[in-house]
Amino acid sequence: MAVSNHETKENNSTSEGETVIDGIRFQVPPGWEQVALSPAQQGMISASFRIPEAGNDVKLTLSSVGGGIAANLQRWKGQFQLKPGESPLEKTMRVDGVDVVWLDLRGTFDSGPAIDSQVASGMRMIGVAIPRSPRDFYLKLTGPREQLLNIDAEFREFVKSARFEQ
């Protein structure tokens, strides 16, 4: 498993199938590959995974950022144009004794004014917001709607595997 360093905290693989990212230990499903961050991603993203069985267009990023959970969830909602009659699915999950927010969006995705900006229809994003101090932690799984269906349950187990280290 490739390992990358984040500007503020070192992320390291601890054993086969496990990784620690910004002080959170995850059980990584078989076949998932942690990939090196591009220079543009470093400092903004803590880790990125490729999930080959889901398809080449599926991306998972993990990051610790400020700004507050409500503002970040609103930003994610603003990146999607939903079909008429559809609304975001937002719920609370319990992970290692902490309430986290699970947000599921489906529609046309506009990643915004980023370096690798894209606009695509038929997309889905599952975002998870974990309250942490001093900066909240986020998991963002994006890709074509039908490809994310293939790994929905596996991603949920990945999130539930999170264990917060002291």
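The values are calculated or read from the model by the stated rules, or taken from the named source; none is laboratory data. Predicted model, so just to flag it, every value in this text is computed and none were measured. All Cβ positions, even for glycine, are placed from backbone atoms using ideal geometry, and neighbour counts span all protein chains on display. In case anyone asks, the SASA skips ligands and DNA or RNA and just uses the protein heavy atoms, side chains included. Shrake-Rupley method; radii C 1.70, N 1.55, O 1.52, S 1.80 Å.
Overview of values
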{"quantity": "Long-range amide H partners of Gly17 with built H, under 5 Å", "calculated": "none"}
{"quantity": "Range of Cα positions in the chain per principal axis (Å), largest first", "calculated": "45, 30, 30"}
{"quantity": "Two-decimal Rg to Rh for segment 81-166 - Kirkwood Rh, Cα set", "calculated": "1.00"}
{"quantity": "Of the GluC sites (Glu not before Pro) in segment 55-150, those whose Cβ has at most 14 other Cβ within 10 Å and which sit in DSSP loop", "calculated": "Glu86"}
{"quantity": "Kirkwood hydrodynamic radius over Cα pairs of segment 34-79, then Stokes diffusion coefficient at 10 °C and 1.306 mPa s, in µm²/s", "calculated": "131 µm²/s"}
{"quantity": "Most fluctuating residue given options Ala153, Ala47, Ala36, as computed from a GNM of the chain linking Cα atoms under 10 Å", "calculated": "Ala153"}
{"quantity": "Length released on extending from Lys160 to Ala71, taking residue separation times 0.36 nm less the Cα-Cα span", "calculated": "29.7 nm"}
{"quantity": "FRET E, pair Glu86, Ala36, Förster distance 25 Å, beta-carbon r, rounded to 0.05", "calculated": "0.10"}
{"quantity": "In Å², nearest 10: area of Val159 left accessible to a 1.4 Å probe", "calculated": "0 Å²"}
{"quantity": "Rounded accessible area of Lys160 (nearest 10 Å², 1.4 Å probe)", "calculated": "90 Å²"}
{"quantity": "Difference of contour (0.36 nm per residue) and Cα-Cα distance, Gln27 to Glu146", "calculated": "40.4 nm"}
{"quantity": "Rounded percent of accessible protein surface that carbon and sulfur make up, the chain, 1.4 Å probe", "calculated": "49 percent"}
